[in-house]
1. Kindly list, by first and then second residue, each pair from a residue in region 299-328 that is among the aromatic types (Phe, Trp, Tyr) to a residue that is at pLDDT 95 or above, limited to pairs with Cβ atoms under 7 Å and residues at least 6 apart or on different chains.
2. Please find, within region 143-165, the residue that is nearest to the ligand (Cβ to nearest atom) out of those that are under 25 Å from the mean Cα position of the chain (by Cα) and surrounded by 22 or more Cβ atoms within 10 Å (Cβ to Cβ).
3. Select, from ALA110, ALA143, the only residue that is touching a residue at least 12 places away in the same chain (Cβ under 8 Å) and within 13 Å of GLY280 (Cα to Cα).
4. Quick one: which of GLU10, GLU35 is loosely packed, with under 12 Cβ neighbours inside 10 Å and either without any contact (Cβ under 8 Å) to a residue 24 or more places away in the chain or among the hydrophobic types (A, V, I, L, M, F, W, C) (or both)?
5. Please verify whether THR453 is surrounded by fewer than 16 Cβ atoms within 10 Å (Cβ to Cβ) and either out of contact with any Lys or Arg (no Cβ under 6 Å at 6 or more places or on another chain) or hydroxyl-bearing (Ser, Thr, Tyr) (or both), treating the condition exactly as stated.
6. List the number of the failed condition for PRO407; all other conditions in (1) modelled with pLDDT under 95; (2) surrounded by fewer than 21 Cβ atoms within 10 Å (Cβ to Cβ) hold.
7. What is the number of the single condition among (1) away from the ligand (no atom under 16 Å from the Cβ); (2) over 21 Å from LEU193 (Cβ atoms); (3) surrounded by fewer than 22 Cβ atoms within 10 Å (Cβ to Cβ) that MET172 does not meet?
8. Do we have PRO76 as closer than 20 Å to GLY275 by Cβ, within 16 Å of the ligand (Cβ to nearest atom), touching a residue at least 24 places away in the same chain (Cβ under 8 Å) and surrounded by 15 or more Cβ atoms within 10 Å (Cβ to Cβ) here?
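The values are calculated or read from the model by the stated rules, or taken from the named source; none is laboratory data. These numbers come from a predicted model, not from an experiment. Cβ coordinates were reconstructed from backbone atoms using ideal geometry, including for glycine residues, and neighbour counts include every protein chain displayed.
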Amino acid sequence: MELIFERSREGRGCSVLPECDVPVVLPEGLCRDQELHLPQVSETDISRHYTALAGQTYGVNDGFYPLGSCTMKYNPKIDEETAAFPGFTEIHPLQPVHTVQGCLGVLAKAEELLCEITGMDGMSFQPAAGAHGEFTGLLLIKAYHESRNDSKRTKILVPDSAHGTNPASASMAGFTIVNVPSAPDGGVDLEALKAAVGEDTAGLMLTNPNTVGLFDRNILKITEIVHGAGGLCYYDGANLNAVMGVARPGDMGFDVVHLNLHKTFAAPHGGGGPGSGPCGCKDFLIPFLPGPRVNRTADGYAMERLETSVGSVKAFYGNFAVVVKSLTYILMLGREGITEASQNAVLNANYMMHGLMDLYEMAFPGICMHEFVMDLAKLKHETGASALDVAKTLLDYGIHPPTMYFPLIVHEALMIEPTETESRETLDHVIDIFRQVYKRAKEEGEALHQSPTKTPIGRPDEVQAARKPVIRYAFAGEE
Ligand SMILES: *Cc1c(COP(=O)(O)O)cnc(C)c1O
């Protein structure tokens, strides 16, 4: 499609600005030496341009979006409505505390409910995303060991199935990473874990269910081994959608968690963000949580900054509107609804897995949690069509592909997370599409390298697009 600059016509426009009535005095040398190339377009042009752009995006409001590990569930519209209440939007973070009691009440209620769901005792809403919550949680672990003058604990254990943000956050927090291999059943290898822990262990980072969609049945043994060695246990809450209302990380032995409100708790994700990755912890770590924290007092809510806090990880209270959306979601679902959401997420994943497992090879057959991983190595070997080719072909059928090539322990991985918000009809339709694509891979094999053919662009050079993105329009005669 035409870019907004290409729609531009000299002299056209739609702004109605008053004449400037103050003298413009800019110091010599600070003025542009070239005209500013603003697009000159009519309101009709602008409106059509952005409507056309919107038509080229794909989100959960358009269709199925099974991006494994990312929990792309439907975002209820009522969440947007409450987040837009003027009492939540027309405020300033520096206004006196007695004038924003309702907003502090939202933070206090969200903290209470999310602590109940996770089995934690306190939570900070400052972190802006999951990875940011991880970093914050690791700072708590670091502060805890430092408070005990235990300076030799410099290592964080991370299983080889972990999300890439886990080792990245641990490294940013100043730790060295020790990789713990998975056992053949997809869980943590207990013997390898026992061999890896020691006096230098600061903690372990784990998600349960893990990134292959399996609940680690040894979880109590795992957290006991780490605690036995003097380390703490960090729960990556990105997969909480499988177990909320059913099992709590606090009861599994975890000391610190992060949640992804933009995954599990139905706030918009990615381009629809911003996100929120609250960091929760057990009692003994609360003194280290980033501030300011909301406290209930005899005359309402107060803000408190703890002396021992690791400091602020974001301005003020984090992405407050996201918390309003997620609190709305939790209150709308209620105690039973929260549990049912997880149960349906698990049911939907198993339904899809069973609809595909006679064709596609599953990395870990058997009952899965809220997502499952297919291994396309055999298909690629037999036909030349890879996980990438299958994912790209799905685009021609109008659905979003699943997560590809993650987790790293499965080489031709497609990771599918349908979420609880898809109906049986949608799942049947999508199963049918995956089956058709499989048959095409068998019949056409390497021809699928050309997919997709029905989208505005086919296969961009993804490395160049990431390393050398073209994000500025170049006018004739410019670089
Ligand atoms: C999404 C995800 C993260 C990171 O969360 P962001 O909000 O994207 O920063 C961490 N771990 C797992 C398992 C995830 O799926």
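1. Close Cβ pairs (under 7 Å, with a partner that is at pLDDT 95 or above) amount to TYR301/GLN101; TYR301/LEU104; TYR301/GLY105; TYR301/ALA108; TYR317/LEU107; TYR317/PHE125; TYR317/GLN126; PHE320/CYS103.
2. Per the stated criteria, the residue is HIS163.
3. Result of the check over ALA110, ALA143: ALA110.
4. Within the list GLU10, GLU35, the selection yields GLU35.
5. Yes: the conditions hold for THR453.
6. (2)
7. Condition (1) is where MET172 drops out.
8. no
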